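As structure tokens, the structure follows; a few thoughts come after it.
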Amino acid sequence: MVLHASDPAAIEQAVQRLAVGSLVGMPTETVYGLAADADNASAVQRIFEAKGRPSDHPLIVHLAPGDGAHGWRAGVDHYAREVPAFALALMHAFWPGPLTLILPRRAGVAAVAAGGQDSVGLRCPSHPLAQALLTAARAHGVHGVAAPSANRFGRVSPTTAAHVAEEFAQLPDAALLILDGGACPVGIESTIVDGTRGYPVLLRPGMVTQAQLEAACGQPLRERDGAAPRASGTLESHYAPNAKVRLMAAPALQAALDLLGADARHIAVYARAALKAAPGVAVRRMPDNAAQAAQALFATLRELDTAGVKLIWVETPPASPEWDGVRDRLQRAAA
Ligand code: TXA
Ligand code: MG
């Protein structure tokens, strides 16, 4: 069942669902999440089942913005045993917003959501509907809402309510209420920083860039290594549409299109460059601006899947830092 943001009963109904341990499709500024009360073990278990996600892949816990400038702090202290100064600086700089921090977990909270790790991923989203839901849930005693992206395991994250409905068409209405908050403005998942090791480690690039993070916490960010905690978003192959994805520079892409000639059914091109392609090729223009490209990325991949495309040739995004998140998602889609 989908309820639109304009429906005055939407938030109250969604909170009722969370309170009885049922699932809610929650819009956030990044992508839609599949939400449940983070401290309700059987509700969280239902998230793993619905997604087909291994139960040792931890979920992000979303916190209400609270009152005042840093009103999320009570939520942080409920879940985190310890908050290093650099992590707090990052929260102050980017919350509410598309940044997740992994912190040492307080024993006994959100254990199932954390997938058995002794850490917990926390994020305070900026989307007004997510904030309204989290705030109303908080008033019902829900400290945080566990929500992975609302897609089946390994698939492209949803950026509209219709995408979520498509992913979980097999679930009965009683099992999932989707809040329709429109298209997600950021479009790719949050940047993730590991704060459990005494220094910040970048686990997943996103639209908050490494340079912005370093400026805000006054420290260099280290790269993840083999000891990094498990994060399904960091698996090499992830975020994949059904079609095969290949990344190429514009000249190689044009050469391939020329070779192909007219036999181009089931092929799509997603490029910033203006390329010449045979009439059968589905050509989509990638925006020149990284933020706009991120916003449109997953919806474009889904649209091409729906159109029955089997192969998507994508122009490699620029090497500059503001493209790190988009480049990362495309590399994983192509892996
Ligand atoms: O933007 C986002 O982050 C979206 C929205 C809904 O908030 N959520 C999202 O969740 O992308 P998900 O589950 O698809 O990706 C979260 C990533 C996963 O790779 C997960 O393994 C990692 O965060 N993660 C969560 N908690 C963790 C922990 N305690 N330790 C290590 N990685 C963790
Ligand atoms: Mg995901």
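If packing is taken as the average count of other Cβ atoms within 10 Å, what order do 195-206, 19-30 fall into, highest mean first?
Numbers: 195-206: 19.5, 19-30: 22.8.
Averaged packing, sorted descending, gives the order 19-30, 195-206.
Tell me, what is the FRET efficiency for SER6 and ASN289 to the nearest 0.05, using R0 = 25 angstrom and their Cβ-Cβ distance as r? Write down the numbers at each step before the final one.
Values: r = 29 Å, r/R0 = 1.18.
Computed FRET efficiency for SER6 and ASN289: 0.25.
Which of the aspartates and glutamates could a cross-linker span from LYS51 if the Cα-Cα distance has to be under 17 Å and same-chain partners fewer than 8 positions apart are dropped?
Those aspartates and glutamates meeting the cut-off are ASP37, GLU166, GLU167, ASP173, GLU189.
Which percent, nearest 5, of DSSP beta bridges in region 147-293 are antiparallel? Show your work: numbers first, answer last.
On the way: 3 of 10 bridges.
In region 147-293, approximately 30 percent of DSSP beta bridges are antiparallel ones.
Can you tell me how much longer the chain between LEU171 and HIS70 gets when fully stretched, taken as 0.36 nm per residue apart minus their C-alpha distance, in nm with one decimal? Each step should come with its number before you reach the end.
Working: separation 101, 0.36 × 101 = 36.36 nm, distance 3.71 nm.
Extra length available between LEU171 and HIS70 comes to 32.6 nm.
Of the DSSP beta bridges with both residues in the chain, give the percent that are antiparallel, rounding to the nearest 5. All intermediate terms of the calculation are to be shown ahead of the outcome.
Values: 16 of 45 bridges.
So the antiparallel bridges in the chain amount to around 35 percent.
Find how many whole Å separate the alpha carbon centroid of region 234-311 from the alpha carbon centroid of region 171-221.
If we compute the Cα centre of each part, the gap is 25 Å.
Based on the Cβ-Cβ distance from ALA256 to ALA307, what FRET efficiency comes out when R0 is 25 Å, to the nearest 0.05?
Details: r = 20 Å, r/R0 = 0.78.
Once the sixth-power term is evaluated, E becomes 0.80.
Taking the chain on its own, what percent of its Cα-Cα pair distances exceed 24 Å? Spell out each step's value before the answer.
Working: 29970 of 55945 pairs.
The proportion of pairs with Cα distances above 24 Å equals 54 percent.
Helix-only estimate, please: 222 nm mean residue ellipticity of the chain, summing -39500 (n - 2.57) across DSSP H runs of length 4 or more and dividing by its residues, to the nearest 500.
Details: 10 runs with 104 residues, N = 335.
Helix contribution divided over all residues of the chain: -9000 deg cm²/dmol.
Under a straight-distance cross-link criterion of Cα-Cα below 20 Å, which lysines are reachable from LYS276, leaving out those fewer than 8 residues away in the same chain?
Qualifying lysines at Cα under 20 Å: LYS310.
Read the figures in this text as sums done on the coordinates, not as results from a lab. As the structure is a computational prediction, the values presented were derived from the model and not from experiment. Every residue, glycine among them, receives a Cβ derived from its backbone with ideal geometry; neighbour counts consider all protein chains shown.
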